[in-house]
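Have a look at the structure below, then the notes.
The values are calculated or read from the model by the stated rules, or taken from the named source; none is laboratory data. As the structure is a prediction and not an experimental result, all values here were calculated from the model. Please note: Cβ atoms are built from the backbone with ideal geometry, for glycine as well, and neighbour counts cover all protein chains shown. When the accessible area is computed, the model is the full protein with side chains, heavy atoms only, and any ligands, DNA or RNA have been set aside. Shrake-Rupley method; radii C 1.70, N 1.55, O 1.52, S 1.80 Å.
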Amino acid sequence: MVRETSRASWLRRPAARPEAGRRLVCFPHAGGAASSFRPWQRLLPDGIEYATVQYPGREDRVLDPVVESMAELVDAVVDVLLPLLDRPLALFGHSMGSAVAYEVALELRRRGLPEPMRLLVAGRAAPHAAAVGEIHRADDEVLLAELTRYGATPREVLADPELRSGILRYVRADYRVIETYRPSVEPPLSCPVSVYHGTADPECGTAQAETWAAVTSRPLALSPFEGGHFFLVPQRVRLAEAVARDLGVRSVAAARTWPSTP
């Protein structure tokens, strides 16, 4: 059971933008954290106020109990999003986060609240079409191999026994959440859906990206990006521009400066 349900605990909101006409809430990949979105979020124009969900068990929530199921995660997230519904809200999820964002959109509708103005997803097929594994049941070596395959965690971090133990704890929990998750069977969303996918992503090519058409009654918007599963950082300027475009906000991302490394 997740003990901490305050908005301050769950949401990272580094840039207050009271004049922004849009809010964007982001959901990281399995094993990811709020910091993984910072390189491109900071390039978003001032018309978008952004926040990222910080899953328990990592970074500044390292002492919090991990989430046990998708239902538990979604329920907690929707509770903390309620005060943010005074402006049009969009949801962005990467990989596992795409399924979380989708279920949050459905839960908003179940509670009689407005659907998001747009659902933006990346790195995974739609929940009803995504492949499901059993990695959460495997031993630590299999989990380590999975992290190494994706290359999202520095090798020097994984080489430290204490750090590795903490990372594997929440990575295993995240894999359990997504691998035991069974998508809700409900009518399509009425909001539009944007899908961003890496051209070299083995998890989400064009065919997988197109499966999201089944979750919306609106036309699907597909945007390919050069790169693999974690194209979000190397393609940060183009991604920020695409997000701004899809949210109907004029982008100034290309005019902003950013270091050459994340």
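Please go through the stretch 123-148 and give me each residue that is of a type in the set (A, V, I, L, M, F, W, C) and either part of a loop (DSSP other than H, G, I, E, B) or touching a Cys at 6+ places or on another chain (Cβ under 9 Å) (or both), ordered by number.
Result: Ala125, Ala126, Ala129, Ala130, Ala131, Val132, Ala138.
Given the conditions (1) open to solvent by less than 10 Å² (accessible area, probe 1.4 Å); (2) under 13 Å from the mean Cα position of the chain (by Cα); (3) basic (Lys, Arg), which single one is not true for Arg58?
Going through (1) open to solvent by less than 10 Å² (accessible area, probe 1.4 Å); (2) under 13 Å from the mean Cα position of the chain (by Cα); (3) basic (Lys, Arg) one by one, Arg58 breaks only (2).
Return the residue satisfying two criteria in turn: it lies in the stretch 10-30 and is in a loop (DSSP other than H, G, I, E, B) and in contact with a Lys or Arg (Cβ under 8 Å, 6 or more places away or on another chain), and of such residues it is nearest to Asp60 (Cα to Cα).
Pro14
One line per residue, one yes/no per condition, for (1) free of Cβ contacts under 8 Å to residues at least 60 places away in the same chain; (2) closer than 26 Å to Ala214 by Cα:
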{"position": "Val25", "(1), (2)": "no, yes"}
{"position": "His29", "(1), (2)": "no, yes"}
{"position": "Asp60", "(1), (2)": "yes, no"}
{"position": "Pro65", "(1), (2)": "no, no"}
{"position": "Asp75", "(1), (2)": "yes, yes"}
{"position": "Leu82", "(1), (2)": "yes, no"}
{"position": "Gly93", "(1), (2)": "no, yes"}
{"position": "Gly112", "(1), (2)": "yes, yes"}
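Residues in the stretch 6-18: is at least one open to solvent by less than 70 Å² (accessible area, probe 1.4 Å), modelled with pLDDT of 95 or more and over 23 Å from Ser184 (Cβ atoms)? First the steps, then the outcome.
Of all residues in the stretch 6-18, those open to solvent by less than 70 Å² (accessible area, probe 1.4 Å) come to 6, 9-12, 15, 17.
Right, trim to modelled with pLDDT of 95 or more and you get 10-12.
Checking the rest, the ones that are also over 23 Å from Ser184 (Cβ atoms) come to 11-12.
Checked the stretch 6-18: at least one residue is open to solvent by less than 70 Å² (accessible area, probe 1.4 Å), modelled with pLDDT of 95 or more and over 23 Å from Ser184 (Cβ atoms).
In the stretch 191-239, what residues are over 14 Å from His94 (Cβ atoms), small (Gly, Ala, Ser) and either in a helix (DSSP H, G or I) or in contact with a helix residue (DSSP H, G or I) (Cβ under 8 Å, 6 or more places away or on another chain) (or both)?
Selection gives Ala207, Ala213, Ala214, Ala221.
If you go through the stretch 66-89 one residue at a time, do you hit one that is within 24 Å of Ser35 (Cβ to Cβ), among the polar types (S, T, N, Q) and either within 20 Å of the chain's Cα centre (by Cα) or assigned to a helix (DSSP H, G or I) (or both)?
no
So, Glu103, is that one assigned to a helix (DSSP H, G or I), at pLDDT below 95 and either touching an Asp or Glu at 6+ places or on another chain (Cβ under 8 Å) or open to solvent by less than 40 Å² (accessible area, probe 1.4 Å) (or both) or not? Outline the logic, then answer.
Details: assigned to a helix (DSSP H, G or I): yes; at pLDDT below 95: no; either touching an Asp or Glu at 6+ places or on another chain (Cβ under 8 Å) or open to solvent by less than 40 Å² (accessible area, probe 1.4 Å) (or both): yes.
Criteria not met by Glu103.
Quick one: in the stretch 39-59, which of the residues that are modelled with pLDDT under 95 and not in a loop (DSSP other than H, G, I, E, B) is farthest from His94 (Cα to Cα)?
Restricting to residues being modelled with pLDDT under 95 and not in a loop (DSSP other than H, G, I, E, B), the top hit is Glu59.
Among the listed residues Gly166, Gly112, which satisfies the condition of being open to solvent by 20 Å² or more (accessible area, probe 1.4 Å) and at positive phi?
It is Gly112.
So which pairs qualify, if the first residue must be in the stretch 126-141 and in contact (Cβ under 8 Å) with a residue 12 or more places away in the chain and under 20 Å from Ile167 (Cβ atoms), the second must be hydroxyl-bearing (Ser, Thr, Tyr) and not in a loop (DSSP other than H, G, I, E, B), the Cβ gap must be under 7 Å, and the two must be at least 6 apart or on different chains?
Hits for this filter: Ile135/Tyr175; His136/Tyr175.
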